[in-house]
Every structure is written in C-alpha cells, then in structure tokens.
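The values are calculated or read from the model by the stated rules, or taken from the named source; none is laboratory data. Computed from a predicted model, the values in this text were never measured in an experiment. Here the Cβ is made from the backbone with ideal geometry for all residues, glycine too, and neighbour counts use every protein chain on show. To get the accessible areas, we keep the full protein, side chains included, count just its heavy atoms, and leave off ligands, DNA and RNA. Shrake-Rupley method; radii C 1.70, N 1.55, O 1.52, S 1.80 Å.
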Amino acid sequence: MSDSAPRRDTRGIVDPAELLTHVRFRRHVPAPELRPYLEHYWLIDWELPEPYATHVVPHPSVNIVFQRYGAIGAPATEADASAEVAGIGLDLFTQKLTEAGRVCGVQFRPGGFRPFAPAWPVSAWTGRRVPLPEVFPGRGDDVLSGVLSPDTDHARVAALDAFLLARDPAPDPAADRAMELVELIRGDRTIRKVSRLSAASGLSARSLQRLFSTHVGVGPKWVILRYRIHEALERAEAAEAGGTPDWAALAAELGYSDQAHLVRDFTATIGVPPTAYARGVSVS
C-alpha cells in the first residue's frame, strides 16, 4: 500500500456497487508513525429509508470498530455508542443497517495488531468481537465521543491517530516478518501452498504456523485460501459488470485442483456459486 493514499480496491466487499448506493464509505491513511502497522482507517455514515444488509468476506486483519446507531448530532456516549476489537472473521460478515448511523474503523495490516497488544497471541481474538476496554483498559466516553462525534473526516482521523499513538506500539521483528510474509502471499499468485511459502521464506511449515498464529491470528493456509476467495469474488464482480471469466482457468490460476473445488469454496463462503453471483443473484 502507498504511504500517501489508501487502497482503492473493493476486495472482500460483496456487491460493492450496491453498498455504495446506501452508505458513504471512505478510507484514510493514518499518521506516518502508524503506517507500518495499519492498512487504513475506514469511515461509514448512512441514513436509510429502509433496512439494508451489507456483507463482507473479512481480510486476515484485526479491526478496531467504533460504532454508533441512531440519530447523529449530540456527543457520543457509552449509552448509544460502543467500541470493540474485532478479531479476524472466519465466516462471511453480515451487518444490518437501519435508519442512521456511523462507524469508524481501524484495519490493521495482517500481523500489525500484536505490537499494540503484545500480552496475547493474535489468535486469542480470532472469530471474536471483544469490548475495547477489555483489550485497552481505561478507554471510555472520551474516546467514543472524540472518534464518533466530529462532523469532519479530518477530526475523526485525528482522534483515531491520537488513540493509537497513545498505545505506543512496541517494536516487534517477528510482527514485521509476519507482515512481510502475508504481503508476499497477497501479491505473489505463485504462493498457492504452504510448502511454497516455506521455500520462499526459509521457515519450516511448523515455524510458519507458530508465527502466523501468534502474530496474524490464523494459519498461513487460511490466509492463502482467503486471498483466493477475494480474487474469485473480484473476478465475479467483473463478470457482473460485463466480463466473462473462464472459471476453470481461474481455478487453475488460483491453485485449485479443479473448477468444482473453486465453486465449493466460493459457495461455502459467499452463499451462492460464482456463476450465480455474477448473474446478480442476491446473497441472503
């Protein structure tokens, strides 16, 4: 990711075009000192005449999520707002949005959260959503209001920066190594198996498993499979926009044994087969 601009892709978001008709979604870069650890901040605001459900195939990233549902305007308090640490989601994440609301999120780089909470392996948060004070004690109304109440993105980003900089992340060479290896998986399509990652990194499969469990939160095989699904989802989005992907060729390109294997993984994760998704079949 560039240090001067956040990612612009929509990988992981199911039907991003539809999402953007219902909400205001933005990404922002954090303070320079935080960029080695964070992907970006993500901000969402909405006012809806009727409920809308959003679906996301989570990245192998921990998020901190500040959220407020209902009328926006007065200072946010613990009575109407909350904050939590969201560990890596193992399944499709679905959130029903109603009326008005606001979410301000921090997406860490895979491997980037451990320096902020070094007392626990990142796998301790996987599949869990934990109230922020349980991970970072002593954070209450002041943080909620500082992040959620401002009208401008600049002020919200400044509040997020202040919160995270106060945590004074501890240097961790193992976390740096984990982030480097996940980035290798994300960017190198030839990394289709743990054995290939092992050869590329010089680490045994067992050492990779320990490193990823402690610093990423899931194993290297899971990360490889999740990025495969993100790629397949993006190709299905392109097909819906008028492209015609060769699913058998894509399965081979992503390292699946055959097209049926890709279809099974896609269907199990998204809820519909890739061809049906490309035709615009809704995810329930």
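Observations, loosely collected:
- Residue pairs meeting the criteria (Cβ under 9 Å; at least 6 apart or on separate chains; first within 14 Å of Arg228 (Cβ to Cβ), in segment 246-258; second open to solvent by less than 60 Å² (accessible area, probe 1.4 Å) and assigned to a loop (DSSP other than H, G, I, E, B)): Leu250/Tyr256; Gly255/Ile191
- Summed over segment 204-230, residues that are among the β-branched types (Val, Ile, Thr) and closer than 13 Å to Gly111 by Cα total 4.
- Verdict on Glu231 being of a type in the set (Asp, Glu) and either surrounded by 18 or more Cβ atoms within 10 Å (Cβ to Cβ) or in contact with a Lys or Arg (Cβ under 9 Å, 6 or more places away or on another chain) (or both): yes
- When segment 33-48 is filtered for residues that are under 20 Å from Thr94 (Cβ atoms) and either outside any strand (DSSP E or B) or among the β-branched types (Val, Ile, Thr) (or both), the ones remaining, listed by number, are Ile44, Leu48.
- Total residues in segment 135-167, condition buried (at least 17 other Cβ atoms within 10 Å of the Cβ), out of contact with any Asp or Glu (no Cβ under 7 Å at 6 or more places or on another chain) and assigned to a helix (DSSP H, G or I): 13
- Taking segment 117-134 as the range and being open to solvent by less than 10 Å² (accessible area, probe 1.4 Å) and not small (Gly, Ala, Ser) as the test, the residues that pass are Val122, Val130, Leu132.
- Positions within segment 234-269 being closer than 19 Å to Glu18 by Cβ and either more than 23 Å from the chain's Cα centre (by Cα) or at pLDDT below 90 (or both), in sequence order: Glu234, Arg235, Ala236, Glu237, Ala238, Ala239, Glu240, Ala241, Gly242, Gly243
- Here Leu203 passes the criteria (1) out of contact with any Pro (no Cβ under 9 Å at 6 or more places or on another chain); (2) crowded, with 16+ Cβ neighbours inside 10 Å; (3) over 30 Å from Gly101 (Cα atoms); (4) touching a residue at least 24 places away in the same chain (Cβ under 8 Å) except the one numbered (4).
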